[in-house]
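To start, the structure under review is shown below, and the notes come after it.
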Amino acid sequence: MEEVLSIHISKFLADIRNNRNYSENTIISYKNDLYQFEKFIITSGFRFDEIDLNILKSFLAEVADPNSRMFNVEKTKEFKYSAGSVSRKISTLKSFFKYLYSKRIIPKNYASFLTFPKKAKKLVQYLKQKDTEKLFDSKKLIDLSILELAILETFYSTGMRAAELLTLKLSDINFTNNTLKVLGKGRKERIIPFGDNCKKAINDYLVIRKLINTSNSDILFLNKNGKKLYPMYVYRIVRKSISSVSDLKKKSPHVLRHTFATHLIENGADIRAIQELLGHSSLSTTQVYTHISADKLKKVYEKSHPKA
């Protein structure tokens, strides 16, 4: 019976790959979640036609249990999935069982009754404006390659995601209008402006790019062999650069995305405009940056008001 579940998972993954605008990263996440669910069903001795709400809840409880050995056998220390990770697994189950129900493979969609855990509010980590000035200080730039500087300027000037930067094409850039086209989550396109410093950094890099682009690739950022950059290469560049100016715990490209949005808020940008620039489908996702602005205003008030 376990083969039945495996077949349905394969068909579902083929469906979201061919018929829906899911990114490759989302498809990989769904695949990992569903194979983890399949392992739980097989290990627990359940049949496919036995799966109900209680079994789905048992699976989620198992993956969230820091003492579980079913999925954590290779771990050397206790851990538990974050509320965000569990929420993603619930989303996967909801999508999978909705598909099964729509195909009349199951008589009832028990996953529709699953509820998402409350996420703890995380503090957004970003570089202060003075730290950003240090990052792009002319004395520090001698430590960066032309490619590294172009990558950092693009992140900070546009607020794009790492995955978006890695797939950015030269043909997506309009140097006349100082704008570029990004293919974001859900394969949604958006147009982002960029500044003169970013434009200069990219143009300087294009001189080098002509020499290494032997395969005539349209991908903008290439390594010394003319190949598309690996994500870890970009992460190393950002981590090294942020470490030189800040003691933030997180030093990922997403920190520069947060920095981009926070600096816009601090300088009076409209929240809906920032939503468009970041490619957020929901305004509530963008509103985390308004809390940062409010905290800053509160500190100014407490410091400056006579009766604060």
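Laboratory data are not the source of any read-out in this text; all were calculated from the coordinates shown. A quick note: this is a predicted structure, and the numbers were derived from the prediction, not measured. Heads up, the Cβs are rebuilt from the backbone with ideal geometry, glycines too, and the neighbour counts pull from every protein chain shown.
Could you give the C-alpha radius of gyration of segment 129-304 expressed as a fraction of 2.2 N^0.38 Å, taking N as the number of residues it contains?
Numbers: Rg = 16.7 Å, N = 176, 2.2 N^0.38 = 15.7 Å.
Segment 129-304 yields a ratio of 1.07.
Put simply, the amide H of Gly195, placed in the peptide plane, has no neighbours under 5 Å, leaving out anything fewer than 5 places away on its chain. Centroid-to-centroid, using Cα positions, segment 151-187 and segment 1-53 are 33 Å apart. Note on segment 129-304: with charges restricted to the Cβ of Lys and Arg (+1) and Asp and Glu (-1), its dipole about the Cα centre is near 520 debye.
For Ile242, the shell of other residues with beta-carbons less than 15 Å away shows a net charge of +4, using +1 for Lys and Arg and -1 for Asp and Glu.
Which pairs break 31 Å Cα to Cα here: Lys39/Lys188; Lys188/Lys210; Lys11/Lys224; Lys98/Lys250; Lys89/Lys188; Lys39/Lys118?
Result: Lys39/Lys188; Lys11/Lys224; Lys98/Lys250 exceed 31 Å.
In Å, the Kirkwood hydrodynamic radius of the chain over pairs of distinct alpha carbons? Each step should come with its number before you reach the end.
Numbers: mean 1/r = 0.0445 Å⁻¹.
About 22.5 Å for the chain.
When the chain is treated as a Gaussian network with alpha carbon springs shorter than 10 Å, the biggest mean-square fluctuation among Pro193, Pro253, Pro107 belongs to Pro107. Packing order of peptides 224-233, 158-167, 277-286, highest average first: 158-167, 277-286, 224-233 (average count of other Cβ atoms within 10 Å over each peptide's residues). Couplings for segment 37-46, taken from phi via the Karplus curve 6.51 cos²θ - 1.76 cosθ + 1.60 with θ = phi - 60°, read 5, 4, 4, 4, 4, 5, 5, 7, x, 8 Hz in order; Gly and Pro are left as x. The eigenvalues of the Cα gyration tensor, multiplied by 5 and square-rooted, give segment 217-262 an equivalent ellipsoid with semi-axes of 24, 13, 7 Å from largest to smallest.
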